[in-house]
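A short write-up of the structure that comes next.
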Amino acid sequence: MKDVQKIPDSSELRPAPTKSAGGRRILIGVAGGIAAYKACHLIRDFKERGDDVRVVPTEAALNFVGAATFEALSGNPVSTTVFDAVDEVQHVSLGQQADAVVIAPATADLIARLACGRADDLLCASVLVATCPVIIAPAMHTEMWLNPATQDNVATLRRRGITVMEPAHGRLTGTDTGAGRLPDPEQIAEFARTIIAGHRVDHNWQGRKVVISAGGTQENLDPVRYLGNRSSGRQGFALAEIAAQRGADVTIVAGNTEALPIPSGASVVRVTSTRDMQEAMNREAADADIIIMAAAVADYRPASVADSKMKKGAADDDLASLELVENPDILKGLVQRRENGEIKREAIIVGFAAETGDETTSVLEYAQQKFKKKGCDVLMANEVGEGKVFGQATSAGWILRRSSDPVVVAPGSKQVVAAQILDVVNEMLEK
Ligand code: CTP
């Protein structure tokens, strides 16, 4: 076995270590929109991880949720104005002491005030003082979000290094639907933790199409049974989430996945079998700039699918020994299609390797062999097995790319791992 850098034992995978593991001072800003009630879940989420939460609502936010609720949930006093706790110089100290500021929901008005650098209430003053990461989750009606005034203000904030999330699409306050919904609080919290852990998610992929396969494929045996695997689809969805937050147009080709929320700004094509997934990937990848095969694809399928339920003990008991045929290799096929010009020649193709290693060959060695065989540009190598990676919230491993050393990915949430993979892709795009 070659002398390679060892990753920590992945049986001990925990949510991302250090900065995202709690014990931080998180300032949660809440602006006056109907989604203010969702901030309560966000406060809970950070509190449950052991963070010290200070809630700073705007005056308008208190029309939707009372200060008592925010105080009870955060365990800290709540004020909106710079004239409270003047002896503690609160309008400066809160922002100075925060390890991160997370504002959810942020209304068009708050975003405008922040872009102007106003300091006319405690929240704006705190943001003006803060040198820590600031993450903003906007929520407003589609027209307000798309208004050039708001878009200019958002661009201004992003240019200054503030992370402004893409809002979700969906039902808004009235009967209308569209862009402008607040993402789920868990999504905001997980995304914020990725930024807090030191990973940049720049909004620089506008106009780029990203296609990502996720989850496991299933191969039918008969109307009630199938061959499948333990993949949850979480890594593919996390990649979609980060790619969408980078501003890309994202399509997820999803096999069997857990009931995962669809990331803001991504669309989903549902498939069942490997051949369905191949068809969808080939179609969607045709005009894509980044193609990622994160799915756990079934390598074999039954030679025939029974029309009615197969009976055990029947004279021709096919269940006792199944005849299988090999499925196409979607990833290899995509690389081939790029060579043939059916996919953009400059498209970047990313694969995964799920390996257990054995007595003779390590996980990384198997992954390096697979990287050569598949011909993709980047490969994320994971050690899999009982309780490792599949179905878990965390992952670890190595990112392989040609003519560079493997990048060690320390145990972290699948969003943190996704941010690292997409950082490597971003570097390649910028070359
Ligand atoms: N993959 C694919 N089509 C297949 C099998 C795998 O596109 N029929 C892709 C996976 O999505 C992943 C990569 O190939 O990006 C490696 O998948 P993995 O399951 O690790 O390896 P296999 O190619 O199936 O090889 P083996 O099971 O023998 O390790």
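Looking only at region 88-102, decide whether some residue is of a type outside the set (Val, Ile, Thr) and under 29 Å from Thr177 (Cα atoms). Looking through region 88-102, none of the residues is of a type outside the set (Val, Ile, Thr) and under 29 Å from Thr177 (Cα atoms).
Elements of the type helices (runs of 4 or more DSSP H) sitting completely within region 144-262 and holding at least 1 residues that are assigned by the TED database to the domain that holds Val127 and more than 30 Å from Asp51 (Cα to Cα): these cover 148-159. Scanning region 298-306 for residues that are within 16 Å of the ligand (Cβ to nearest atom) and either aromatic (Phe, Trp, Tyr) or in contact with a Pro (Cβ under 7 Å, 6 or more places away or on another chain) (or both) turns up at least one hit. Of all residues in region 184-225, those being farther than 20 Å from Asp99 by Cα and not acidic (Asp, Glu) number 21.
With respect to being at positive phi, in contact with a strand residue (DSSP E or B) (Cβ under 9 Å, 6 or more places away or on another chain), touching a residue at least 12 places away in the same chain (Cβ under 8 Å) and not aromatic (Phe, Trp, Tyr), Gly180 fits the description.
For Gly397, are the conditions met, namely being crowded, with 16+ Cβ neighbours inside 10 Å and within 21 Å of Asn426 (Cα to Cα)? Taking the combined requirement at face value, the residue satisfies it. Residues that are crowded, with 24+ Cβ neighbours inside 10 Å, of a type outside the set (Gly, Ala, Ser) and over 30 Å from Arg158 (Cβ atoms) within region 207-251 comprise just one, Thr217.
Evaluating Val101 against the criteria (1) crowded, with 23+ Cβ neighbours inside 10 Å; (2) in a helix (DSSP H, G or I); (3) of a type outside the set (Gly, Ala, Ser) leaves one unmet condition, (2). Taking the conditions (1) touching a Phe, Trp or Tyr at 6+ places or on another chain (Cβ under 8 Å); (2) more than 16 Å from Asn282 (Cβ to Cβ) in turn, Phe371 satisfies each one other than (1).
Would you confirm whether any residue within region 401-417 is within 12 Å of the ligand (Cβ to nearest atom), at pLDDT 95 or above and outside any helix (DSSP H, G or I)?
No; the residues of region 401-417 include none that is within 12 Å of the ligand (Cβ to nearest atom), at pLDDT 95 or above and outside any helix (DSSP H, G or I).
The values are calculated or read from the model by the stated rules, or taken from the named source; none is laboratory data. A quick note: this is a predicted structure, and the numbers were derived from the prediction, not measured. Using ideal geometry, Cβ is built from the backbone for each residue, glycine included, and neighbour counts are taken over all protein chains shown.
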